[in-house]
Structure formats: structure tokens, C-alpha cells
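The structure appears right after this line, and notes come after that.
The values are calculated or read from the model by the stated rules, or taken from the named source; none is laboratory data. These numbers come from a predicted model, not from an experiment. Here the Cβ positions follow ideal geometry from the backbone for every residue, glycine too, while neighbour counts run over all protein chains shown. These accessible areas exclude ligands, DNA and RNA; they are computed on the full protein's heavy atoms, side chains included. Shrake-Rupley method; radii C 1.70, N 1.55, O 1.52, S 1.80 Å.
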Amino acid sequence: MASEIEENQRNGIEMEKVTLKYPKMTVEEAYDVQSQTIQRYRDRGDEMVGWKMGLTSVAKQKSMNVEEPIYGRLTNSMKLSTPTLKMENLIHPKVEPEFAFLINKELKGDQLQVKDVWEATKEVYPALEIIDSRYKNFSFTLTDVIADNASSSKFILGKEGFPPEYTDWDNVKVTMFVNGDEVQSGYGKAVLDHPVNSIIELSKMLNRTGLSIKPGMIVLVGAITEAVSVKKGDYLEVNYETLGQLNLNVTD
Ligand code: OOG
Ligand code: MG
């Protein structure tokens, strides 16, 4: 299953839900598939650079009928270094405004406090995540999406990161414009009441299999607004108040 998913991720190929064939797959097994999929990226020299959290809003959890967020793995090749999203090898991408925490001290365990996270955070960046489910119509169950690396595709960080004390992250307002029209807006608190809680939750979930957030890693905390579908020729501007703006050009 991992081989098939890896190939579909690399080439942007749509696939049937894996639960059609394996309806009894558990969450633990799905994370194992995810891990083995990303091992194939690492085997070809594409290093893991961090983690992403998904389904961190109550609304999204309700719509999926789950009570917990999910996590995925980020590798070097997913990072965009210029604000251009090529549609080549993508299926039906959607963009989400997020925050990215740059961690400089290991975070491990299910007992972390807010202050532990801030002590281990070097900077917080405004960020965009581009998700692109490999499943037809972006339709999946919880275990399907976990096996597909939580729909991870690409991400881009803002030019500048900010120290933890810079602002109240839950009250930052984010506004997204596509081709000049406002399409979404929301506040940092959409992410588990406060984005810092997403890191605590991730550490707790990783700890179940003895994993941790390593120094130097980036964590995408989860979408602040609903994801927005994009197509070739679109131009996105995402405003993060005093944290600045992120842009993205969608090309072929
Ligand atoms: C799962 C990934 C969601 C987020 O930030 O909530 C996600 C999906 O909706 O495809 O990345
Ligand atoms: Mg996301």
C-alpha cells in the first residue's frame, strides 16, 4: 500500500480509497502506512523536515465524525522556496492559511505544558499549506487520509519568523484573497483555541509510537480557515495583519 501511495503522491495520480480494499484498517495501521510511505521519500534522499497537523478545528472534526486531529510528515521536497505553485503533478490542490512553528529543542511526551512549547519555539512563521488528497473528489475516511499523509502536498513559509512573545497568536486575523476577491478569513484561535495547543496535541499523538518533535523541525499547526481550491492562473494574497503577507501564483 505504501508503494502505491508514494507513487501516486509523487506523480499526482488519483486513486480509490484504500479502505475499499481494507475496510478494517485501524488508525495505528494507517499511521504505519504513512511512515512507510515517507520512508520511501527518505530512501531517495528527501529528508523529513517536520510535521503537520490537520483537522484541528472542531467544525472539521465534526464533518469527519472524529474527535481528534491527525498528523502528517513534511519532507524537504514539499517546501516551496518561491511563491509559485506548479499544477504539474498535482490533482485538485487547495490552499490553507496556517502558522508554522520552528522548534529548536526536542518536544516529547503527553504531559507538555504551554510554557514547554514556547521555550522550545525559536520562531513562528505565517505559512500556507497546499493540500492535495490523492483520493477521488477529495473524499476519504479518517484512516484513508492518515495513510495518504494527511493530504500533504506543498507548503511555503513567510519571509520572516517572529518570536513567541511577538503577538497573541490566537487573535491574529488572517484574510485570504483569490484574484483580488476576499474568499476566507479567520482567527488563530480556530486552531484548537490557540495554535500552541496543536503542538501539545502533536507531541501527545507522536508519543504513542515513541516519536517526538526534533530540534530544527517545522510544525504546521492546522488550517485557520477553510481550504480554498485553486487552479492555473490564480493569484493568492493572504494577509496576516502585522505579520505580513504571503502570495502564491498558480501556474502550469
Ligand atoms: C486533511 C488535511 C487537513 C488541515 O490543516 O486541517 C489539513 C484534508 O482535509 O484533506 O491539512
Ligand atoms: Mg493543513
Kindly write out, for the range 222-227 in residue order, the coupling ³J(HN,Hα) from the Karplus curve 6.51 cos²θ - 1.76 cosθ + 1.60 (θ = phi - 60°), rounded to whole Hz, with x marking Gly and Pro.
x, 5, 8, 10, 5, 6
Taking a threshold of 32 Å on the Cα-Cα distance, which of the pairs Lys52/Lys231; Lys24/Lys232; Lys24/Lys105 fall above it?
Lys24/Lys232; Lys24/Lys105
Measure off 7 Å from each Cα along the Cα-to-Cβ vector at Lys231 and Glu106, then give the distance between these two points in nanometres to one decimal.
4.9 nm
Nearest 5 percent is fine: what portion of the DSSP beta bridges confined to the chain is antiparallel?
85 percent
With every protein chain kept in place and a 1.4 Å probe, the chain has an accessible area per residue in Å² of 46 Å²
Among the GluC sites (Glu not before Pro) in the range 1-103, which ones are in a DSSP loop with at most 10 other Cβ atoms within 10 Å of the Cβ? Mind listing them?
Glu47, Glu67, Glu88
What FRET efficiency would be calculated for the residue pair Asn11, Asn171, taking the C-beta separation as r and a Förster radius of 41 Å, to the nearest 0.05?
0.50
What residues from the range 8-33 fall in the zone where the backbone N is under 13 Å from a label point 7 Å along the Cα-to-C-beta line of Glu68?
26-32
Rounded to 0.05, the calculated FRET efficiency for the beta carbons of Asp181 and Thr251 at R₀ = 30 Å is 0.95
Which far-off residues, 5 or more places away or on another chain, put their amide H under 5 Å from the one on Arg73, with H placed in the peptide plane?
Lys52
Dipole moment magnitude, nearest 20 debye, the range 11-140 about Cα centre, only Lys, Arg, Asp, Glu C-beta charged
280 debye
Against the rule of thumb 2.2 N^0.38 Å, how large the Cα Rg of the range 2-251 comes out:
0.94
Within a Cβ distance under 11 Å of Ile224, other residues only, what is the Lys/Arg minus Asp/Glu net charge?
-3
What FRET efficiency comes out for Thr82 versus Leu20 if R0 is 35 angstrom and r is the Cβ-Cβ distance? Round to the nearest 0.05.
0.40
Dipole moment magnitude, nearest 20 debye, the chain about Cα centre, only Lys, Arg, Asp, Glu C-beta charged
400 debye
Summing +1 per Lys or Arg and -1 per Asp or Glu among the other residues with Cβ less than 15 Å from Asp46's Cβ gives +3
Heads up, the range 120-252 by the C-alpha gyration tensor (a ≥ b ≥ c square roots of eigenvalues; a/c under 1.5 rounded, else a/b over b/c prolate, else oblate) looks oblate
Convex hull of Cα atoms in the range 131-200, direction-averaged projection (nm²)
6.8 nm²
Of Leu236, Leu80, Leu20, which has the largest mean-square fluctuation in a 10 Å C-alpha GNM of the chain?
Leu20
Lys189 - accessible surface, heavy atoms, 1.4 Å probe, Å² rounded to 10:
90 Å²
Quote to one decimal, in nm, the extra length available between Val49 and Ser3 on full extension: 0.36 nm per residue of separation minus the C-alpha distance between them.
14.5 nm
What figure in square angstrom, to the nearest 10, would you give for the accessible area of Lys79 with a 1.4 Å probe?
100 Å²
Residue among Gly222, Thr121, Tyr22 farthest towards the positive dipole end of the chain, charges placed on Cβ:
Tyr22
Placed amide H near Lys122: partners under 5 Å, 5+ positions off or other chain
Leu102, Ile103, Asn104
Residues other than Ala120 with Cβ under 11 Å of its Cβ, Lys/Arg counted +1 and Asp/Glu -1, net out at +2
